[in-house]
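Worksheet: one structure, shown below.
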Ligand code: URA
């Protein structure tokens, strides 16, 4: 996706001083029926410049393949377009020396709001039939903090979504109604293997919905 230069510059200005690395554009066909909305790129994605190209991506590819979907069917983006990282001093047990690490972290609410105009732009441009937030960050970016993935995954919702209002400098409900299908972020299975078949079921259902859209 080519975002308007002004939008990207405004985000960069607002995020000055935040611990964020790089920039990864959303990717996929302009006429994609599905738009996947993750959380933020991780270390791998910032290096490869491909969304979901790390460990979570492998998991996602497996579910897509089982549902007979490919990345050509979907546009992939996330709530935040840079890698949020924290700074941690850690003892290297082998060398006995302190090392500084920069692990991925969940974006803050302020970061999600700052990047919101970019996601709004993508949704407007692509006009996907179904928005698929993966995980709580993507879901709450669209629907607010009362919505959780554990309560709403696998449900087809028809609701207004949150969009950035420049005059209010916050997210406000859209006038239009969107179709939203929340599912878990692939990384969720790394913490809870039992979710795997539930998530696969979500993807199989999504695949059947897209066939109806064709
Ligand atoms: N998580 C995301 O939300 N996006 C990626 O590209 C990778 C991990």
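The values are calculated or read from the model by the stated rules, or taken from the named source; none is laboratory data. Just so it is clear, the model here is predicted, and its values are computed rather than measured. We place every Cβ from the backbone using ideal geometry, glycine too, and count neighbours over all the protein chains shown.
Quick one: which residue in 22, 26 is more than 9 Å from the ligand (Cβ to nearest atom) and surrounded by fewer than 19 Cβ atoms within 10 Å (Cβ to Cβ)? Steps first, answer last, please.
Working: 26 fails: surrounded by fewer than 19 Cβ atoms within 10 Å (Cβ to Cβ).
22 is the lone residue from the list that is more than 9 Å from the ligand (Cβ to nearest atom) and surrounded by fewer than 19 Cβ atoms within 10 Å (Cβ to Cβ).
Residues to consider are 72, 9; find the one that is modelled with pLDDT of 95 or more, assigned to a helix (DSSP H, G or I) and either closer than 19 Å to residue 138 by Cβ or more than 11 Å from the ligand (Cβ to nearest atom) (or both).
Values: 72 fails: modelled with pLDDT of 95 or more.
Within the list 72, 9, the selection yields 9.
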**Request:** Identify all residues within the range 124-142 that are assigned to a helix (DSSP H, G or I) and within 16 Å of the ligand (Cβ to nearest atom); write none if there are none.
**Result:** 136, 137, 138, 139, 140, 141, 142
**Prompt:** When the range 146-194 is examined, which residues are found to be over 18 Å from residue 79 (Cα atoms) and within 16 Å of the ligand (Cβ to nearest atom)?
**Reply:** 189, 190, 191
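Of all residues in the range 130-149, count the ones that are surrounded by fewer than 17 Cβ atoms within 10 Å (Cβ to Cβ) and either within 12 Å of residue 109 (Cα to Cα) or touching a residue at least 60 places away in the same chain (Cβ under 8 Å) (or both). Can you show your working first?
Taking the range 130-149 first, the residues surrounded by fewer than 17 Cβ atoms within 10 Å (Cβ to Cβ) are 144-146, 148.
Checking which are either within 12 Å of residue 109 (Cα to Cα) or touching a residue at least 60 places away in the same chain (Cβ under 8 Å) (or both) leaves us with 144-145.
Of the residues in the range 130-149, 2 are surrounded by fewer than 17 Cβ atoms within 10 Å (Cβ to Cβ) and either within 12 Å of residue 109 (Cα to Cα) or touching a residue at least 60 places away in the same chain (Cβ under 8 Å) (or both).
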**Prompt:** Condition test on residue 32, is it more than 9 Å from the ligand (Cβ to nearest atom), buried (at least 16 other Cβ atoms within 10 Å of the Cβ) and not in a helix (DSSP H, G or I)?
**Reply:** yes
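Does residue 55 meet the test of being touching a helix residue (DSSP H, G or I) at 6+ places or on another chain (Cβ under 7 Å) and within 12 Å of the ligand (Cβ to nearest atom)?
Numbers: touching a helix residue (DSSP H, G or I) at 6+ places or on another chain (Cβ under 7 Å): no; within 12 Å of the ligand (Cβ to nearest atom): yes.
So residue 55 does not fit the description; no.
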**the range 188-214 - residue that is modelled with pLDDT of 95 or more and not in a helix (DSSP H, G or I) and, of those, surrounded by the fewest Cβ atoms within 10 Å (Cβ to Cβ)** = 194
